[in-house]
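Quick notes on the structure that follows.
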Amino acid sequence: MKITFDPERHAYTVDGAAVPSVSRICDIVDPPSSFYRPEHATRGKYVHSACEYADAGVLREDLLDPALTEYVNAWKNFRRDTGAEVLSSETVVASKYGYAGRLDRLLKIPTSGIGVVDIKSGDPGIRGPLQTAAYAQAAKETLGVVADWRACVQLTPAGTYKVHHYDEERDLDAFLSALHLFTWKGSR
C-alpha cells in the first residue's frame, strides 16, 4: 500500500486514489462547534509539532512560544509518569476501508503494552474513541502493529494532562459508520 500525504492541502492518497482523512470523517459525527475557532486548530498543530520535537530531543525550548510551553511540559510529564517509549510519531497510516490519517503516537508503556495515542490540546469529546479506533485499525494494516490499548492525552495550558482511555470494540464500527455516511454524503 503506497500512502501519500500532502500537508499543504491536508490530503491523502492510497495507491493513487484520494481518500478522506480520519479528521474529516469525524466531522460528520462531531462537526466543529460554534465554540471552535481557527486559532484552536493552529494551536493544536503547534502543540503537536513541539511535542514531536521534544520526543526527538531537538526542541529548542529557548525559542518556544511561551503559550506552548505548558502544553509541552504536560506531554513531558505524561511520558515521565508512564515511562512511555515512542515507537512512532506523526506516522501516516491508511486502511483498506478507504481512509488515511496521521497517527499521533504509537507508544510502549511498561505496565500496559503498546498503545495508540492521540494528543489533544482541548477536550477530545466524541472524536477520541472514533479517531483512536480508526488509527488502531490503520496501524494494524499499515505497520503490522496490534495495539493493546487506545487513549487521548489531553494537555492543558497549566502543564497538566488527563488520559482518556477507550476500550469499546464498537468504536471502530461507529467510525466506519461515519465513513459510510461521509462517502454517501459526498456522492450526492
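Only the coordinates and a few stated rules stand behind these numbers; no lab work does. Since this is a predicted model, take the numbers as computed values, not measurements. With ideal geometry, Cβ positions are generated from the backbone for all residues, glycine too; neighbour counts draw on all protein chains shown.
Things to note:
- Value at 222 nm in deg cm²/dmol, rounded to 500, when DSSP H runs of n ≥ 4 in the chain each add -39,500 (n - 2.57): -13500 deg cm²/dmol
- Note, ³J(HN,Hα) from phi for region 123-129, Karplus 6.51, -1.76, 1.60, rounded to Hz, x at Gly and Pro: 5, x, x, 6, 5, x, x
- Along the chain, longest interval not containing exposed chymotrypsin sites (Phe, Trp or Tyr not before Pro), exposed being DSSP loop plus at most 12 other Cβ atoms within 10 Å: 37-188
- Links that overshoot a 29 Å alpha carbon limit, given the list K76/K185; K45/K108; K2/K76: K76/K185; K2/K76
- Computing FRET efficiency as 1/(1 + (r/R0)^6) for D148 and S177, where r is the C-beta to C-beta distance and R0 is 22 Å, gives about 0.35.
- About its Cα centre, the dipole of region 3-186 is roughly 120 debye, where the only charges are +1 on Lys and Arg Cβ and -1 on Asp and Glu Cβ.
- Note on H40 and T156: the extension gain reaches 40.5 nm, defined as 0.36 nm multiplied by sequence separation minus the Cα-Cα distance.
- Each Cα pair under 8 Å and six or more residues apart adds its sequence gap; the mean of these over the residue count of the chain is a relative contact order of 21 percent.
- Volume per residue that the Cα convex hull of the chain spans, once the total is divided by residue count, Å³: 123 Å³
- Gyration tensor verdict on region 83-153 (Cα atoms; rounded if a/c is under 1.5, prolate if a/b is larger than b/c, oblate otherwise): oblate
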